[in-house]
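The values are calculated or read from the model by the stated rules, or taken from the named source; none is laboratory data. All values derive from a computational prediction rather than experimental measurement. All Cβ positions, even for glycine, are placed from backbone atoms using ideal geometry, and neighbour counts span all protein chains on display. We work out accessible area using only protein heavy atoms, side chains counted, and drop any ligands, DNA or RNA first. Shrake-Rupley method; radii C 1.70, N 1.55, O 1.52, S 1.80 Å.
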Amino acid sequence: MAVNDYFKNLVNIPKTFVESFIRHGKPTSERARSQTVMSNIFLHIHSTRIHRYTLKKTFTFGLGIIAAASFFILTVTGILLMVYYKPSVDLAYDSIKDIHYVVPSGRFIRNVHRWATNIMIVSVIFHMARVFYTAAYKETRSFNWLMGMALFVLTLGLSFTGYLLPWDQLAYWAVTICSNIAASPRELTDLLGITHFIDPGGLMKVLLLGSEEIGQDALTRFFWLHCIVLPFFMVMILSVHIWRVRKDGGLARPDNIKDKDLKGIAEDENAKHVFENAPQKTYGLMCLVKGKSPIVGKGPENTIPSWPSLFITEIALFMLTFGIVCVLAYFFDAPLKEIANPAVPENPAKAPWYFLGLQELVSYSAFMGGVGIPTIALLGLALIPYLDREKQTLGRWFDNRTGRRVARNSFLYATAVTIALLAFTVKFGWLRNWYPDISQAVIIFINPGTVLLTFFVVWSFHCLYKYDSTRLSAIALFTCFIVSFVILTYFATYHRGPNWHFYWLKSQWPIH
Amino acid sequence: MTSLQQTVNKHDMEIESISRRDFLTSSAMWAVATSMSFVLFGLLRFPKPALFPDIPKIFKIGKPEDYPPGSEKIFEEKKVIVRRDAGGLYAISLICTHLGCIVTKHADKFECPCHGSKFDVRGKVIAGPAPKALEWFKVSQLPDGKLVVDTMKRVPIGTMYSI
């Protein structure tokens, strides 16, 4: 009788609903867990099994997961902040004040949003350095290095567009500076006398601000970029990035792994045999894909199930990130200066700390420091996997003893050159101090920034010839960039005061 | 002749080698690509505003008698300084040509707080990263005797409006 069936089905709804929702039963067996990882859209971005080396703490330090975790925290707190934030020139500043002083737990959420940004930027940079120094950008992983570069740019773009939203003095003047950096190709077109016909700098500025000056249009565009466009691309490319890690054969690892490298990492008895031929491993696309599985004949498979080992690590790293962010947010408030005043600039008007290295370069030449050198650096980074194609052991910090030596020498060289050049510039000034009538063309092409760049390129070619290795040359150049980035950032943060003058200590700043 | 004939024959064969299905599929795909690229091309103009918000570029600065020789007046909101000396009246922009901060006036020079550019009393760069001198704007007089500064019209350094 259909009526009986009807009532039986009605009674069974809780059970049948759960069955329709979870298709592989309770995750009590390894098989059920693997099937869940494989068929769940969110979990299947992981492979079902990972190599034990993946979980070696001193190999990755969990930096990628920390970056992704902070992005997750930023998304959640960002969505919460949007409830009270009003993207209008007249209301923005007051709404941030409301969030800070009136909205229940608003201040804490804003602080978390601010601190998670800092954690994300630091972890993204460290993650990039980890991938570089362990040679994990090679062979199949070249394209994922590019995705990583895109994520790096998006991270900086997101934090920068968020900077304008409070509409305070800090925001207004940082964005003034930055939009004029976008317009700085005018320095070149002015020299050639073609600004009247072709003005790429002016076009970029107008596209960014929606006007020639910072106003409601700029705020609307920055809000749009910060809350819709950039997060959208971030989520898309982040998904590709993580998916490709899986598809490129998991995290990079050496061919011969010593037992002591894997000490303390979970193991699986079933995965201790050597893999001989491809068909033993079941691939869904077997009939369409040519070639062997990447791990065939490469020693014991040595994998463990992602669930639980990898998932527990991920959750632990997320909690660690969240914990650090919460502690910082509890003790240190996100800054909020006076409301934006277009007539009086902040003195000194400093960008957020991660842009201060660039601001130091910009104080030599707007075009070279703000557009030229960053473009060259980003292009250089993006081309690394295509210029350095040497076969080598992957997954070891600095490869071997020679790699360590080159990295150490480059570190010393870059430190010495950067500090010497900064000291020289502070003490003696630069071309315009000696020849007041010098042409801007000379300043654009010969300034402390380009000199630094030349020193680094020369050093990297020196290493290329000396060691006859593109990899070691890349290590030399990358180390130089990282070192100078850190030193310039430190220098501009602590030793630049009002009027961008040099001071040993902040306490020596003149009192207004 | 024969080689031409061969080429033609070969060409014919190549044409014949496309099946109707392949041809139609290919045409359809190219139609999609073409129309979508036209859409994209049309949208390229979208983000560039056709009109800017109405920020007044021309403003009145008072009457000639407000400016005795040797006097000067700063229009903070307009970011302009107006001076009168022996040669006449002139207006200099206070926006730093480096990255758009507002320069501070000192006795005999202008200093930018952002990256330390320095300009002499006539706006010429004397130190720092600024690529060019502070801009000079055109000063003129209306029929009713009032003076106006036009920030859309730049004039060479040293151009003065004699009263």
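Laid out as a table, the results:
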{"read-out": "Residues that are among the β-branched types (V, I, T) and farther than 15 Å from B:G62 by Cβ, drawn from region B:138-163", "value": "B:T151, B:V155, B:I157, B:T159"}
{"read-out": "Verdict on A:T48 being within 16 Å of A:I304 (Cβ to Cβ) and within 41 Å of the chain's Cα centre (by Cα)", "value": "yes"}
{"read-out": "Single residue of region B:17-33 satisfying the filter (of a type in the set (S, T, Y) and surrounded by 10 or more Cβ atoms within 10 Å (Cβ to Cβ)) that is farthest from the other protein chains (Cβ to nearest Cβ)", "value": "B:S27"}
{"read-out": "Any hit, region A:411-432, residues being assigned to a helix (DSSP H, G or I), more than 22 Å from the chain's Cα centre (by Cα), more than 21 Å from A:H501 (Cα to Cα) and modelled with pLDDT under 90", "value": "no"}
{"read-out": "Matching residues in region A:394-449 - criterion: being open to solvent by 30 Å² or more (accessible area, probe 1.4 Å) and hydroxyl-bearing (S, T, Y)", "value": "A:T402, A:Y413, A:T415, A:Y435, A:S439"}
{"read-out": "Unique match (being modelled with pLDDT under 90 and crowded, with 18+ Cβ neighbours inside 10 Å) among A:N302, A:N341, A:N277, A:N270", "value": "A:N302"}
{"read-out": "Residue that is nearest to A:W434 (Cα to Cα), among those in region B:88-131 that are surrounded by fewer than 24 Cβ atoms within 10 Å (Cβ to Cβ) and among the polar types (S, T, N, Q)", "value": "B:T104"}
{"read-out": "Meets criteria (farther than 29 Å from A:V131 by Cα, away from chain B (no Cβ under 14 Å) and open to solvent by 30 Å² or more (accessible area, probe 1.4 Å)) for A:F223", "value": "yes"}
{"read-out": "Hits in region A:463-492 (condition: in contact (Cβ under 8 Å) with a residue 24 or more places away in the chain, over 17 Å from A:T415 (Cβ atoms) and assigned to a helix (DSSP H, G or I))", "value": "A:Y467, A:T470, A:R471, A:L472, A:S473, A:A474"}
{"read-out": "Selection status of A:T195, touching a helix residue (DSSP H, G or I) at 6+ places or on another chain (Cβ under 8 Å), more than 10 Å from every other protein chain (Cβ to nearest Cβ) and among the polar types (S, T, N, Q)", "value": "yes"}
{"read-out": "Breaking point among (1) at pLDDT below 95; (2) part of a helix (DSSP H, G or I); (3) over 38 Å from the mean Cα position of the chain (by Cα), for B:E65", "value": "(3)"}
{"read-out": "Residue that is assigned to a helix (DSSP H, G or I) and open to solvent by less than 40 Å² (accessible area, probe 1.4 Å), where the choices are A:I79, A:I96, A:I13, A:I65", "value": "A:I96"}
{"read-out": "Wholly within region A:143-238, helices (runs of 4 or more DSSP H) carrying at least 2 residues that are touching a Ser or Thr at 6+ places or on another chain (Cβ under 6 Å)", "value": "A:185-192, A:200-209, A:216-224"}
{"read-out": "Residue within region A:194-204 that is open to solvent by 40 Å² or more (accessible area, probe 1.4 Å) and in contact (Cβ under 8 Å) with a residue 60 or more places away in the chain present", "value": "no"}
{"read-out": "Per-region count, region A:357-387, residues buried (at least 20 other Cβ atoms within 10 Å of the Cβ) and over 21 Å from A:R186 (Cα atoms)", "value": "4"}
{"read-out": "Filtered residues of region B:44-87 (kept if away from chain A (no Cβ under 14 Å), over 14 Å from B:W136 (Cα atoms), open to solvent by 80 Å² or more (accessible area, probe 1.4 Å) and of a type in the set (A, V, I, L, M, F, W, C))", "value": "B:A86"}
{"read-out": "Residue in region A:451-462 that is in contact (Cβ under 8 Å) with a residue 12 or more places away in the chain, within 14 Å of chain B (Cβ to nearest Cβ) and under 23 Å from A:V362 (Cβ atoms) present", "value": "no"}
{"read-out": "Scan of region B:90-148 for residues that are of a type in the set (D, E) and away from every other protein chain (no Cβ under 14 Å), ordered by number", "value": "B:D108, B:D144"}
